[in-house]
Amino acid sequence: MRPLTNEETTTLFEKLAKYIGSNIKHLIDRSDETYCFRLHKDRVYYLSESMVRIATSVGRDHLGSAGVCFGKFTKTGKFTLHITALDYLAQYAQHKIWIKPNGEMTYLYGNNVVKAHLGRITDDTPEHTGVVIYSMTDMPLGFGVTARSTAEMKKLQPTDIIVFHQADVGEYLRSEDTLL
């Protein structure tokens, strides 16, 4: 487990900024304890400094994971967020979308969100920005990228896609072998 390089940190923060914007500082500067990001086997973990000290006493081959897995770096150097980061994304999200109960299951099966399933949306959500998707009971279901801005969504047909699927809580079942 090692600290991220400057290039890796920049890539990670650019991806997080799409979803939580300037709230990234709340992930690092916490009042309870100092938290940091660490890399282990191409996966980025978010954990406290005290947990890092404990994890260093375990050998690399024997350490499975420590902290919360935020995602992984691909072989090309791009960063992919995992569903395990949803709790932190939902807590600090700038743009949110609530979907109707009839659209929850289709989203949880890995499909995109269509206009007919839209319940509410935060005002002035731009096109191609990260959003956290909630049920109408304010339960975070996943996250994605908007296909259109809020103003354009009002003019769309009910079958038009408004959010491209990135990850959902159904992945805990679909990808349980490869998630961690």
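Of 150, 159, which residue is in contact with a strand residue (DSSP E or B) (Cβ under 8 Å, 6 or more places away or on another chain) and surrounded by 16 or more Cβ atoms within 10 Å (Cβ to Cβ)? Show your work before the answer.
Details: 159 fails: surrounded by 16 or more Cβ atoms within 10 Å (Cβ to Cβ).
150 is the lone residue from the list that is in contact with a strand residue (DSSP E or B) (Cβ under 8 Å, 6 or more places away or on another chain) and surrounded by 16 or more Cβ atoms within 10 Å (Cβ to Cβ).
From (1) touching a strand residue (DSSP E or B) at 6+ places or on another chain (Cβ under 9 Å); (2) farther than 25 Å from residue 174 by Cβ; (3) acidic (Asp, Glu), pick out the condition that doesn't hold for residue 138.
Every condition holds for residue 138 apart from (2).
For residue 5, all conditions in the list (1) open to solvent by 40 Å² or more (accessible area, probe 1.4 Å); (2) farther than 19 Å from residue 80 by Cβ hold save one; what is the number of the exception?
Going through the list (1) open to solvent by 40 Å² or more (accessible area, probe 1.4 Å); (2) farther than 19 Å from residue 80 by Cβ, residue 5 breaks only (2).
Inspect the range 102-122 for any residue being under 22 Å from residue 68 (Cβ atoms) and either part of a helix (DSSP H, G or I) or out of contact with any strand residue (DSSP E or B) (no Cβ under 8 Å at 6 or more places or on another chain) (or both) and give the result as yes or no.
yes
Which of the residues belonging to the range 129-180 are touching a residue at least 60 places away in the same chain (Cβ under 8 Å), more than 30 Å from residue 66 (Cβ to Cβ) and in a loop (DSSP other than H, G, I, E, B)?
129
Any residue that is surrounded by fewer than 16 Cβ atoms within 10 Å (Cβ to Cβ) and modelled with pLDDT under 90 - is there at least one of those in the range 71-93?
For the range 71-93, residues surrounded by fewer than 16 Cβ atoms within 10 Å (Cβ to Cβ) and modelled with pLDDT under 90: present.
Out of (1) among the β-branched types (Val, Ile, Thr); (2) open to solvent by 30 Å² or more (accessible area, probe 1.4 Å); (3) closer than 28 Å to residue 12 by Cβ; (4) more than 17 Å from the chain's Cα centre (by Cα), the odd one out for residue 169 is which?
(4) is the only condition that residue 169 fails.
Can you tell me which residue within the range 69-98, out of those that are of a type in the set (Val, Ile, Thr) and not in a loop (DSSP other than H, G, I, E, B), is farthest from residue 117 (Cα to Cα)? Before you say what the answer is, go through the steps one by one.
Of the range 69-98, the ones of a type in the set (Val, Ile, Thr) are 74, 76, 80, 83-84, 97.
Filter once more, keeping what is not in a loop (DSSP other than H, G, I, E, B): 80, 83-84, 97.
Working: 80: 26, 83: 21, 84: 24, 97: 10 Å.
Here the answer is 80.
Output the residues belonging to the range 63-107 that are over 25 Å from residue 52 (Cβ atoms) and under 12 Å from the mean Cα position of the chain (by Cα).
The answer is 93, and nothing else.
Being closer than 15 Å to residue 88 by Cβ, of a type in the set (A, V, I, L, M, F, W, C), part of a helix (DSSP H, G or I) and open to solvent by 20 Å² or more (accessible area, probe 1.4 Å), is that true of even one residue in the range 28-44?
Yes - at least one qualifying residue is present in the range 28-44.
Search the range 99-142 for residues being among the aromatic types (Phe, Trp, Tyr) and at pLDDT below 95, and hand back the single one that is surrounded by the most Cβ atoms within 10 Å (Cβ to Cβ).
In the first step, residues of the range 99-142 are kept if they are among the aromatic types (Phe, Trp, Tyr); the result is 107, 109, 134.
Narrowing the set further to residues that are at pLDDT below 95 leaves 107, 109.
Numbers: 107: 23, 109: 11.
Looking at residues that are among the aromatic types (Phe, Trp, Tyr) and at pLDDT below 95, I get 107.
Determine which single condition residue 102 fails, assuming it passes every other condition in (1) out of contact with any helix residue (DSSP H, G or I) (no Cβ under 6 Å at 6 or more places or on another chain); (2) touching a residue at least 24 places away in the same chain (Cβ under 8 Å).
Going through (1) out of contact with any helix residue (DSSP H, G or I) (no Cβ under 6 Å at 6 or more places or on another chain); (2) touching a residue at least 24 places away in the same chain (Cβ under 8 Å) one by one, residue 102 breaks only (2).
All but one of (1) part of a strand (DSSP E or B); (2) closer than 20 Å to residue 166 by Cα hold for residue 16; which doesn't?
Here residue 16 meets the rest and fails (1).
The values are calculated or read from the model by the stated rules, or taken from the named source; none is laboratory data. Owing to the predicted nature of the structure, the values given are computational and were not obtained by experimental measurement. So basically every Cβ, Gly included, is an ideal-geometry build from the backbone, and we count neighbours across all protein chains shown. Surface accessibility is based on the protein's heavy atoms, side chains included, excluding ligands, DNA and RNA. Shrake-Rupley method; radii C 1.70, N 1.55, O 1.52, S 1.80 Å.
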